[in-house]
Amino acid sequence: MDHAVSSGTFSLDGETFDVDNNIWVIGDDTECVVIDAPHSVSDILAVVGDRKVKAIICTHAHDDHVRVAPALREEVVAPIMLHPDDKVLWELTHTDYLWDLDLADGLAVEVGGTTLQVLHTPGHAPGAVCLYAPDLGCVFTGDTLFNGGPGATGRSYSDSDLIKESIRARLFALPDDTVVHTGHGDDTTIGAEKALLS
């Protein structure tokens with residue numbers, strides 16, 4: 001597992017904000033998958049190195065998570081994977097391109113001897129997913145769960161009650177010591193976030 005941070009902007013509902021996004025690359029010395037494609041293809045390729053990219057997995061379709069996905073796809077020749085419920089958000093950023101493969105709850109993505117299990121966790125976005133890697137003892141939560149609580153739900157296509165339901169039902173079912181790797185900011189654990197979310 002490799003990690004970097006890429007800086008850029010997030011825009012929705014007529015507002016734009018400066019954001020730092022985590023880039024997560026999972027695999028071994030020869031192959032990997034990229035989780036989210038935020039602001040810079042070169043930032044992502046610096047983490048990938050000379051490995052073969054098997055897929056670009058988008059945790060959701062806000063522009064700061066998918067902006068360079070089509071350009072990255074061209075560079076590494078790998079499919080973009082997205083939950084179809086996020087089509088409306090994808091089309092706010094990309095009108096000329098679609099993703100390649102649909103993510104679905106329970107789907108298993110195999111890479112470099114590791115399995116990533118897709119958990120559909122709507123709330124921050126309709127098609128938001130988390131990726132659970134039991135053998136690594138971690139979950140990649142995108143913007144569903146952060147260090148300090150649930151992701152933001154004050155914008156279009158988000159739902160505060162639904163994100164809490166998703167977190168309680170899907171993420172809090174994971175072991176308490178599961179490390180949470182987020183879309184922005186620092187890591188946390190399932191147990192720490194359980195204690196915070198009443």
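The values are calculated or read from the model by the stated rules, or taken from the named source; none is laboratory data. As the structure is a prediction and not an experimental result, all values here were calculated from the model. Here Cβ is always computed from backbone atoms with ideal geometry, including for glycine, and neighbour counts include all displayed protein chains. Surface areas here come from the heavy atoms of the whole protein model, side chains and all, with no ligands, DNA or RNA. Shrake-Rupley method; radii C 1.70, N 1.55, O 1.52, S 1.80 Å.
Taking all protein chains into account, the per residue accessible area for the chain stands at 42 Å² (1.4 Å probe).
When the chain is treated as a Gaussian network with alpha carbon springs shorter than 10 Å, the biggest mean-square fluctuation among ALA173, ALA125, ALA78 belongs to ALA173.
Relative contact order of the chain, taken over Cα pairs closer than 8 Å and 6 or more residues apart, is 15 percent. Residues whose amide H comes within less than 5 Å of that of VAL5, counting only those at least five positions distant or on another chain, are ILE23 (H built at 1.01 Å from N in the peptide plane). The heavy atoms of PHE17 offer some 80 square angstrom of accessible surface to a 1.4 angstrom probe.
Ligands, DNA and RNA excluded, the heavy atoms of GLU75 present near 120 Å² of accessible surface to a 1.4 Å solvent probe.
When the convex hull of the Cα atoms of segment 21-79 is projected onto a plane and the area is averaged over all directions, what value comes out in nm²? Write out the running numbers ahead of the final one.
Details: hull surface 13.4 nm².
Answer in nm², one decimal: 3.3.
If you model segment 107-179 as an ellipsoid using its alpha carbon gyration tensor, with each semi-axis the square root of five times an eigenvalue, the axes come out at 22, 13, 9 Å, biggest first.
Taking all pairs of distinct Cα atoms, average 1/r, flip it, and tell me the Kirkwood hydrodynamic radius of the chain in Å to one decimal place.
About 16.4 Å for the chain.
Between ASP20, ASP161, ASP86, the Gaussian network model of the chain with springs among Cα atoms under 10 angstrom shows the greatest mean-square fluctuation at ASP161.
Note on segment 122-198 and segment 70-105: Cα centroid distance 22 Å, given to the nearest whole angstrom.
Dipole magnitude for the chain: about 300 debye, using +1 per Lys or Arg Cβ and -1 per Asp or Glu Cβ, origin at the Cα centre. Note on the chain: dipole from Cβ charges, positive end direction compared against ASN21, VAL47, SER156; the farthest Cα belongs to SER156.
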